[in-house]
Amino acid sequence: MNLLTSMDISSAGLTAQRIRMNVISENLANINTTRTPQGGPYVRKTVVLQSEPAESFQNMIQNDPASGVQTVKVPVVAEDPRNPKEEFNPGHPDANEQGIVLLPNINPVEEMVNLMMTSRTFEANITAFNAAKSMALRALEIGK
C-alpha cells in the first residue's frame, strides 16, 4: 500500500463520518417534530456503513498488495424501524381523539453517545491522514 492509498482510505472514513454526524444532528434537531410533510412524526435515521469485500491475506501477499484495500462507503441512510413514542397530551394540536401524541423514536442519550463515537472516529481518521501526509513530506525531503 502506498501513501496515497492510505490517504484515500482516511478520506473515505472522513466522508462517512461526516455523513453520520449530519444524520445524528438531524435526528437531534427533530427530537420533538410531530408533523412532517409525509405525515406523522419524524422518523429517526441511521447510517449504514459498508466496506469493500476483502481478499485473504495470502492473496494480498502473492498479488498486488493494494488489491485487498478496504474503504468505507455509505450506501444508504435508513429509517429506524422502531415505533414512535406515545405521549398523553390532549392539549397538543397533533393529539388524536384519545389525547395521544406520537413523538419521534429518538433517544437523546443514544444520539449523543453515537455523536461522541463518530467524533472520535473522525479525529482518528484525521490523525491517520496527517501521519501519511507527514511521511510523504519526509520522503520528499530525503530526495533533496
Picking from GLN98, GLN58, GLN70, the residue that is modelled with pLDDT under 90, farther than 21 Å from ASP8 by Cα and either under 30 Å from the mean Cα position of the chain (by Cα) or exposed (fewer than 12 other Cβ atoms within 10 Å of the Cβ) (or both) would be GLN58
Test LYS144 against the criterion of being without any contact (Cβ under 8 Å) to a residue 24 or more places away in the chain, of a type outside the set (Asp, Glu) and out of contact with any strand residue (DSSP E or B) (no Cβ under 7 Å at 6 or more places or on another chain), and give yes or no. yes
List the number of the failed condition for ARG138; all other conditions in (1) assigned to a helix (DSSP H, G or I); (2) in contact (Cβ under 8 Å) with a residue 60 or more places away in the chain hold. (2)
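The values are calculated or read from the model by the stated rules, or taken from the named source; none is laboratory data. Model, not experiment: these values are computed from the prediction. FYI the Cβ positions are ideal-geometry reconstructions off the backbone, even for glycines, and counts take in every protein chain you see.
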